[in-house]
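Values quoted throughout were computed directly from the atomic coordinates according to the rules given, and no laboratory measurement underlies them. Quick caveat, the model's predicted, so the values are computed rather than measured. Every residue, glycine as well, gets a Cβ built from its backbone with ideal geometry; the counts of neighbours run over all protein chains shown.
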Amino acid sequence: MLGAGIYALIGKAAGEVGNAVWLSFIVALVAALLTALSYASLGSRYPVAGGAAYVVDRAFGFPILSFTVGLALVCSALTSVATQSQVFGEVLIQLTGLARLPVWSVAVGFIAILGAIVLRGIRESMWVNVACTIVEAGGLLLVIAVGFSSWGNVDYFHSPAGSALDFGLLVVQGASLTFFAFIGFEDTINVAEECRDPARTIPIGLVLATTIAALLYMGVAVSAVSVVPSGELAAAASPLTEVVSRAAPMIPAVLLTTITLFAVANTALVNYITASRQIYGMAKQGLLPLRLSHVHRRTQTPHIAIVVIAIVLVPLALAGSIADLASATVLLLLTVFTIVNGALVVLKHRRSETPGRFEIPIAIPIGGACVCATLVIVRVSAGDWYAPAIAGGLLVLIIASYAVLRANTAKSVIRAATT
């Protein structure tokens, strides 16, 4: 969860909402926490790879819905990695001063390096994850520390809105973007088969992670708008670097820029891992070709799925701007979260289902579904058509892929019966 979302998008969110960006983080936190609790409960009940597709299939029994949910999660991970690759390219070029180097070339190289790490193994990938998390958490604490003396210097409710209604809509629209900073909790269930005692550790990890991330994000948002006006923050190439440069000029700007690279790499790495495990889990469930569930003998990683992801990522990284790809990621995830919350409601009502070690009141998944659906509606109706077009186009491709796979399966069955 902790990483590129806050480093890359705090400026863009401030540009939309103004100084009230911290309120958007609170709204996003409510949506994230409700759904994180649902995922924690589901993780304690069904600790399997491809968990979202599995629980939706278990709850509703519609293969097309399970297929769509599973691949929507894969697509959200892919659009997230594509977002990070662009951010990484821009920040690295800014850091090195190689202005003539095209961003896309750095993004492609970044994707190749990520693929190599994920292919190497889950243990190695997680050690890289831990190291990056420590670095980026230190960067966020630095921003809070240098900006703390400026707290209270601005109106934290100031925004471009002209009325109370417009203000509320802006905050909610901003929440659909700041929600990007919280995504990551849904990844945990996809590596459940590679965890020790997942029924106990997944719920604890999800609740602690969401709480800690929220506290850090609140502090960073307040510090950022206290030091740098929201309009200037939106225009900054590296918003948090700008905050530190103004609040503490003695700290080299290159320090936070370097930390930003670690944050971006970390988020992209985890999303890459998640996408590969989601594809692996769906292939094991028979929702995707069985070959995608093959595991490398030496590294024990789903190597075919990892290579396929790399092939898809390259054109996707060139498909839109950072904000558009991030918004498309959030729209896909919010749609999936609405369905997954609904699946938990159905499963909790079913007496034949065995309760997990972490159970929550049924009001939580109901609230999570309502909040996530509301954020989707508000974002789609905001008038920004490009991000919904990317998300909608991916959903259309998913449904078309399901139809093609079903048709091929039917032909194979007929061929086998004839033989």
Cβ density ranking, 10 Å radius, fewest first, applied to 294, 349 yields 349, 294
Shape descriptors of the stretch 197-301 over alpha-carbon atoms, Rg and Dmax in angstrom, are 20.2, 58
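Filter the trypsin sites (Lys or Arg not before Pro) in the stretch 169-275 to those in DSSP coil with at most 12 other Cβ atoms within 10 Å of their Cβ, and list the result.
When the trypsin sites (Lys or Arg not before Pro) of the stretch 169-275 are filtered for loop state and at most 12 Cβ neighbours within 10 Å, 196 remain.
So how strong a dipole does the chain carry about its Cα centre when Lys and Arg Cβ are +1 and Asp and Glu Cβ are -1, to the nearest 20 debye? Mind showing how you got there, number by number?
Values: 22 positive and 18 negative charges, 322 e Å.
Dipole magnitude for the chain comes out near 1540 debye.
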Here, the stretch 282-374 modelled as identical Cα point scatterers in vacuum has Debye log10 I(q)/I(0) at q = 0.10 Å⁻¹ of -0.48
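Looking at the stretch 143-208, what % of the alpha carbon pairs are farther apart than 16 Å? The partial results should precede the final answer.
Values: 1469 of 2145 pairs.
I get 68 percent for the Cα pairs in the stretch 143-208 exceeding 16 Å.
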Per the stretch 64-171, sqrt(5λ) over the Cα gyration tensor eigenvalues, sorted largest first, in Å, gives 33, 24, 18
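Within the stretch 28-101, report the trypsin sites (Lys or Arg not before Pro) that DSSP leaves as loop and that have at most 13 other Cβ atoms within 10 Å. Intermediate values should be presented prior to the final figure.
Numbers: sites: 45, 58, 100; in loops: 100.
Taking the stretch 28-101 and a limit of 13 other Cβ atoms within 10 Å, the loop trypsin sites (Lys or Arg not before Pro) found are 100.
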Hits for the chain under the membrane-span-like helix rule (DSSP H, Cα axial span at least 30 Å, Kyte-Doolittle mean at least -0.5) are 21-45, 63-96, 122-147, 198-227, 253-284, 322-349, 386-418
In the list (i) 26.4; (ii) 21.7; (iii) 25.2, the entry giving Kirkwood radius over Cα pairs in Å computed from the coordinates is (ii)
